[in-house]
Every structure is written in structure tokens, then in C-alpha cells.
1. Pairs only if they're at least six apart or on different chains, beta carbon under 6 angstrom, first in segment 117-128 and free of Cβ contacts under 8 Å to residues at least 12 places away in the same chain, second exposed (fewer than 15 other Cβ atoms within 10 Å of the Cβ) and in a helix (DSSP H, G or I); list them, first residue then second.
2. Under 7 Å between Cβ atoms, which residue pairs at least 6 apart in sequence (or on different chains) link something in segment 72-93 that is open to solvent by less than 100 Å² (accessible area, probe 1.4 Å) with a partner that is polar (S, T, N, Q) and part of a helix (DSSP H, G or I)?
3. Going by what's in this entry, would LYS43 be described as at pLDDT below 75, farther than 28 Å from ILE123 by Cβ, open to solvent by 80 Å² or more (accessible area, probe 1.4 Å) and not in a helix (DSSP H, G or I)?
4. Looking at (1) open to solvent by 60 Å² or more (accessible area, probe 1.4 Å); (2) modelled with pLDDT of 85 or more; (3) of a type outside the set (Gly, Ala, Ser), which is the one condition that is false for LEU124?
5. Could you tell me which residue of segment 1-38 is farthest from PHE125 (Cα to Cα), considering only residues that are open to solvent by 100 Å² or more (accessible area, probe 1.4 Å) and at pLDDT below 65?
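The values are calculated or read from the model by the stated rules, or taken from the named source; none is laboratory data. Computed from a predicted model, the values in this text were never measured in an experiment. As a convention, Cβ positions derive from the backbone with ideal geometry for all residues, glycine included, and neighbour counts pool all protein chains shown. For the accessible areas, the whole protein counts, side chains as well, though only heavy atoms, and no ligand, DNA or RNA atoms are used. Shrake-Rupley method; radii C 1.70, N 1.55, O 1.52, S 1.80 Å.
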Amino acid sequence: SGLILIFYYLHVKKIFFLNYVFFEKKLIFFWKKLLKFDEILIKNIFIKFFLYGIIWGFVPCGLVYTSVLYSFFSDSIYICFLNMLFFGFGTFPSMLMMPFFSEKIKIFFIKYRFFKNFLEIFILFFGIYMIICSFLNYGKC
């Protein structure tokens, strides 16, 4: 996960550009099947959005992976349950509020460019920190 953060920083700064067109060409058969599926669902928009939500729900982000792995390696099923429960409680408010504040956040980052740069540098150093911890302490940082 530290390498992913470093690659993210390099991609945002356009130092290392990931070629997304290459991946899209390799997955073109999947997109064609998805478009056929989309044509079937065009009549019922509610079912369409519901199914898309389920599909995208199975593609979690790094934060979810980290929480699931942390819970998986906990001492008991009780601790595992509490970790995931509080992860859900902690992310639920931000998931509900993001549609309302996304435009304000975008304007904030445009207005205060230094804050965006600070977060990018923070991501880079956090990625380096995670890699160093994995080599020195085997994840005990």
C-alpha cells in the first residue's frame, strides 16, 4: 500500500504517468458486455442504479482493504466485529455528506493550492513511512 501511495503521488505530479489507455484496450471485451447489459436495463432506471451500486460496492478502496485486513488479523471475532462496525460508523457520515460538500471542497482546493500540495506531499511521505515500517518493524509502526 505504500507503493500505491507513492505511485499516486508520482501520477498526480505527472512524473510517472500510468497508461490507462493500455488497460482499457485490454478490457474492451468487458466494456462491450457491460454496454449490452446497460441496454437491457435502460427501461428501469431504479434497477439499473441499484445493480451498478452493487457492482461498485464489490470494488472497495484501499481504506476498506486496510480495515478488513486489520480486522481479519485481530485476536477475536468480537474485536473483528467491533473494528468493522466502527469503521462503518466512521465512514458513513462522510459518505452521506460528500455529495453536498464536494463542490465546496473543490473550490477550497483551487483557492488554497498550497493545501492541495501539502496533502500530496503528505501522501508521498506516508507511503515512504509505510514502506520503511514494513522493512524495519514488520508493520509495528
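1. none
2. The qualifying pairs are SER74/ASN83; CYS80/SER71; ASN83/SER67; ASN83/SER71; MET84/SER67; MET84/SER71; PHE87/SER67.
3. For LYS43, the condition - at pLDDT below 75, farther than 28 Å from ILE123 by Cβ, open to solvent by 80 Å² or more (accessible area, probe 1.4 Å) and not in a helix (DSSP H, G or I) - is met.
4. (1)
5. GLU24
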